[in-house]
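See structure below.
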Amino acid sequence: MARICMIGAGNVATHLSQALQTAGHEIIQVYSKTLNTAVSLAEMLGCSFTNQLQDIVPCDIAIISVKDDVINEVASQLKCPIVHTSGTKDLTVLGNEKIGVFYPIQTFSKDKVVDFQNIPICIEANNSDFLQLLNNLATSISNNVHQLSSEQRKYLHLSAVVACNFSNLMYQMATEICEKHNISFDLLKPLIEETSNKVQKVTAIEAQTGPAKRKDLQTIERHLGLLETDKEKRKIYELLTQSILNRS
């Protein structure tokens, strides 16, 4: 089992460190630039903490889970084997002898429990021995482990943003429309759930429904009329409708 230093104490770091600890690995230290957040996660894990990178203790691996724009700065101050959890950063931003990527494909909120066994984890390393270590680490918490290159991972992250973040924006827009007209968003939740469940079984193209799929131009025009005073939503509706029409 690995002795791990967690560099970062945000959502990903919190869930990942808990999963690794549950799997039998030892989280020996938590680092965060903000001392209070380091203390909070360290108390949860029962380990030491620091807000000084020079005080990181010797470990088998340090997992860097910080904002993308500071990964290089943080990594340059560490001497141990390191991985980052970013979906967009190249492996080569890490300059140590043993470097890798440990990217869990999931959206994380601190208070929402997730089951790591079903979360895809993408790994990459600069040598075969370190890759094997990362594979052992990943398979100890997930049944869904994949080796991807930095180039592949960039496009996977792009796809994740489109599938997850953009769809959540659509939920926000639907909520705004409902609230403006005194309708409960809860009425849409069974529909959202069914749509999500459907793409687990068939392709997204096969799962597509709605007026654009049916080429129901009259309904589309009525919807655009309802959005006449909301230029942003109307523009998005037109763009997405045209995209569906192009694929139908």
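Each reported figure results from applying straightforward, stated rules to the coordinates on display, with no laboratory input. All of these numbers come straight from a predicted model, not from anything done at the bench. With ideal geometry, Cβ positions are generated from the backbone for all residues, glycine too; neighbour counts draw on all protein chains shown.
Just flag the chymotrypsin sites (Phe, Trp or Tyr not before Pro) in segment 149-222 sitting in loop per DSSP whose Cβ has no more than 15 other Cβ atoms within 10 Å.
Passing sites in segment 149-222 do not exist.
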Spin-label model distance (nm) - Asp90 vs Asp115, 7 Å beyond Cα toward Cβ: 3.9
Degrees between helix 231-247 axis and first principal axis of the chain (Cα, 0 to 90, nearest 10): 90
Span from the segment 145-222 Cα centroid across to the segment 24-101 one, whole angstrom: 35
Acute angle (nearest 10 degrees) that the helix 150-160 long axis makes with the longest principal axis of the chain, alpha-carbon atoms: 40
Global form of segment 1-92, assessed from the alpha-carbon gyration tensor, a/c cut-off 1.5: rounded
For the chain: rounded, prolate or oblate by the Cα gyration tensor [a/c cutoff 1.5]: prolate
Full-stretch length increase - Glu73, Asn165 - with 0.36 nm per residue and alpha-carbon distance subtracted: 30.4 nm
Rounded, prolate or oblate (a/c below 1.5 giving rounded, otherwise prolate when a/b exceeds b/c) for segment 95-187 by Cα gyration tensor: prolate
Segment 187-248: GluC sites (Glu not before Pro) in DSSP loop, at most 14 other beta carbons within 10 Å: Glu228
Residues Arg3, Arg247 arranged by fewest to most Cβ contacts within 10 Å: Arg247, Arg3
Relative contact order of segment 1-120, pairs being alpha-carbon contacts under 8 Å that are 6 or more residues apart, as %: 23
Computed [θ] at 222 nm, deg cm²/dmol, the chain (DSSP H ≥ 4; -39,500 (n - 2.57); rounded to nearest 500): -13000 deg cm²/dmol
Percent breakdown of C-alpha pair distances by 10 Å bin, ordered from the shortest bin, for segment 153-247: 13, 40, 39, 7, 0
